[in-house]
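Structure first, commentary second.
The values are calculated or read from the model by the stated rules, or taken from the named source; none is laboratory data. Not measured: the values here are computed from a predicted model. Virtual Cβ from ideal backbone geometry, glycine too; neighbours counted across all protein chains shown. The accessibility values were calculated without ligands, DNA or RNA, using every heavy atom of the protein model including side chains. Shrake-Rupley method; radii C 1.70, N 1.55, O 1.52, S 1.80 Å.
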Amino acid sequence: MKVGKRDDASNGTTGADSRIGTSNRGSNEPGRILHWNFFIGGHLSASVPVRLVERTPEGQLVWMEAGTPMWCTALPRGATHLRDIAPHERPAAGYPVVAGRWPMGNALFYQPTGAAHSVLWLFGRRQKFGGWYVNLERRVHHGDDIDIADHELDINVAPDRTWQWKDEESFAEKTGHPAYWTAEEAVAIRTEGDRVARLAEAGTFPFDGSWCDFRPPAAWRTPPRPPVPRHPLL
């Protein structure tokens, strides 16, 4: 089953980088381990190894397994998430990282070329499909590194394709802060989300039912923890 045709939301209105590294030998081989690096307000929050499922000119699919060894930010006492710490209260060089494991469930990520979003197929116990999650983001590829600058605002899409915005209040609070996005960029971010929501309503790829029965190959083992991230700041 191949990645669907480039969708209407793949025009990168918020500075998405379409460069997917293909110069390395074997870079398109299914099962190749890549590094998904997640940044909030310019600071690294998590670095998780993922496996490449498929790569085409339209985009790539990667698999993230629950419990995968990873690196995460060593937050100060009392803090539960990096996004809740104001940028001016964070250390200038970024927080140190500590070893951990990916706490969320299994997920298949579709990262369309040039788009400012990714779409996740979420899987629960016994690999039961639980719906989609649209992460609005700016994505840059550096070889095996996938650097994600999170845009806070996201969309939950149920299996019946009904959808709702997520984190609207915190998105509005961060708008205008120099570590995040301007008011003009916020409009583009929300517009990107609106376009993806229209795809869900229409039942077109990636919301057409494809990949909902995905199972990773039995030969794939849980990826090892990657090297310590080289850059805690984006």
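Of all residues in the range 16-25, none satisfies being modelled with pLDDT of 95 or more, touching a strand residue (DSSP E or B) at 6+ places or on another chain (Cβ under 7 Å), open to solvent by 40 Å² or more (accessible area, probe 1.4 Å) and under 23 Å from LEU136 (Cα atoms).
Among the residues making up the range 125-151, those that are over 23 Å from LEU199 (Cβ atoms) and either among the polar types (S, T, N, Q) or touching a strand residue (DSSP E or B) at 6+ places or on another chain (Cβ under 6 Å) (or both) are GLN127, VAL140, ASP144, ASP145, ASP147. Residue pairs whose Cβ atoms lie under 8 Å apart, separated by 6 or more positions or on different chains, with the first residue in the range 153-173 and at positive phi and the second open to solvent by 80 Å² or more (accessible area, probe 1.4 Å), are ARG161/GLU201. Hey, could you check the range 155-185 for residues that are in contact with a Leu (Cβ under 8 Å, 6 or more places away or on another chain) and assigned to a helix (DSSP H, G or I) and say which is surrounded by the most Cβ atoms within 10 Å (Cβ to Cβ)? Here the answer is PHE171. Within the range 52-97, restricting attention to residues that are among the β-branched types (Val, Ile, Thr) and touching a Ser or Thr at 6+ places or on another chain (Cβ under 8 Å), the residue that is least open to solvent (accessible area, probe 1.4 Å) is THR68. Would you confirm, using the coordinates I've provided, whether GLY143 is at pLDDT below 95 and open to solvent by less than 40 Å² (accessible area, probe 1.4 Å)? Criteria met by GLY143.
Residue pairs whose Cβ atoms lie under 7 Å apart, separated by 6 or more positions or on different chains, with the first residue in the range 89-115 and farther than 16 Å from PRO69 by Cβ and the second among the polar types (S, T, N, Q) and not in a strand (DSSP E or B), are PRO112/SER10; THR113/SER10; THR113/SER18; GLY114/SER10; GLY114/ASN11; GLY114/SER18; ALA115/SER10.
Looking only at strands (runs of 3 or more DSSP E) that fall completely inside the range 37-101, which ones have 3 or more residues that are closer than 21 Å to GLU137 by Cβ? Before you say what the answer is, go through the steps one by one.
Numbers: elements: 43-56, 59-64, 69-73, 97-101.
In the range 37-101, the matching strands (runs of 3 or more DSSP E) lie at 43-56, 59-64, 69-73.
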